[in-house]
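Here, each number is a calculation from the coordinates, and none is a lab measurement. Note that the structure is predicted; figures quoted are calculated from it, not measured. Here Cβ is always computed from backbone atoms with ideal geometry, including for glycine, and neighbour counts include all displayed protein chains.
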Amino acid sequence: KNQVEQSPQSLIILEGKNCTLQCNYTVSPFSNLRWYKQDTGRGPVSLTIMTFSENTKSNGRYTATLDADTKQSSLHITASQLSDSASYICVVSADGSGNTGKLIFGQGTTLQVKP
Amino acid sequence: EAGVAQSPRYKIIEKRQSVAFWCNPISGHATLYWYQQILGQGPKLLIQFQNNGVVDDSQLPKDRFSAERLKGVDSTLKIQPAKLEDSAVYLCASSKDILSYEQYFGPGTRLTVT
């Protein structure tokens, strides 16, 4: 069964600190893995997209890693800011036909950054 | 460029009533998606359109949910009759085409069924 599991479910950190969010997946065939940020009351916004051949990708203070062998990904946030408070969703695309729209979503990690 | 537009933003209805949501994708985007996001969960795909044709509606509860994209641009999602378990945020997303990695999401419509 295709599944995406994230941990922790929620996280509270102090402003300026770093944190790492985890994502494990059992999806086949694998096409790509994405991390989305979803602010409260908003739709998800893409942070990074990684294909099978990429093992790291950065977007400002966000760095995603991918280990396709162990089927694990992480999202590292450096020097957190209050605006980083949001839900972070790991999403895996799985479709052998090339339809990259077939996405499997994790349940998300809710991050709260406190001053 | 303008983003994905959705309306209404919020809707409260009683069970067994009907409701419709509207989505206007980014101009020129051929692929449109409707997702249901229940509180505390990730979005679940309900239906995917390529232009005005349905690509995937395998998770759409067809006994009560319907969607259309008649001219390959705007789309409407309808629930008739609504159940309590339909309370969720309904997200619309679009992408340039079916092979495009990037999906752009609208702000969603929060539906509460009482």
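State the antiparallel share, in %, of DSSP beta bridges confined to the protein assembly as shown, rounding to the nearest 5.
The antiparallel fraction comes to roughly 90 percent.
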### Message
Please list, by residue number, every one of the GluC sites (Glu not before Pro) in the range A:5-58 that is coil in DSSP and has at most 16 other beta-carbon atoms within 10 Å.
### Response
A:Glu15, A:Glu54
#### Entry: Selection from B:Asn51, B:Gln103, B:Ala5, by position along the positive dipole direction of chain B (Cβ)
B:Ala5
### For chain B, share of DSSP beta bridges that run antiparallel, in % to the nearest 5
90
#### Entry: Karplus 3J(HN,Hα) series, Hz, for the range B:11-21 with 6.51 cos²θ - 1.76 cosθ + 1.60 (x for Gly, Pro)
8, 10, 9, 8, 4, 6, 7, 10, 8, 9, 10
### Message
So if I place +1 on the C-beta of Lys and Arg and -1 on the C-beta of Asp and Glu, and nothing else carries charge, what would the dipole magnitude of chain B be about its Cα centre? I want it in debye, nearest 20.
### Response
380
#### Entry: Förster-model FRET efficiency, 41 Å R0, A:Gln22 and B:Arg16, C-beta, rounded to 0.05
0.45
### Task
Beyond 31 Å between alpha-carbons counts as too far, so tell me which of A:Lys57/B:Lys78; A:Lys57/B:Lys83; A:Lys57/A:Lys114; A:Lys37/B:Lys96; A:Lys17/A:Lys102 fall in that bin.
A:Lys57/B:Lys78; A:Lys57/B:Lys83; A:Lys17/A:Lys102
### Query
Got a sec to turn the phi values of the range B:41-47 into Karplus ³J(HN,Hα) couplings, 6.51 cos²θ - 1.76 cosθ + 1.60 with θ = phi - 60°, whole Hz, x for Gly and Pro?
10, x, x, 10, 5, 9, 7
### Cα→Cβ-extended label distance, 7 Å offset, between B:Gln59 and A:Asp69, nm
3.1
### Query
What list of ³J(HN,Hα) couplings, whole Hz, do you get for the range A:76-87 from phi and the Karplus terms 6.51, -1.76, 1.60, once you set θ to phi - 60° and write x for glycine and proline?
9, 10, 9, 6, 4, 10, 4, 6, 7, 4, 4, 9
### Message
Can you give me the long-range amide H partners of B:Thr31? Hydrogens built in the peptide plane at 1.01 Å from N, cutoff under 5 Å, separation of 5 or more residues or another chain.
### Response
B:Asn51, B:Ser95, B:Asp97
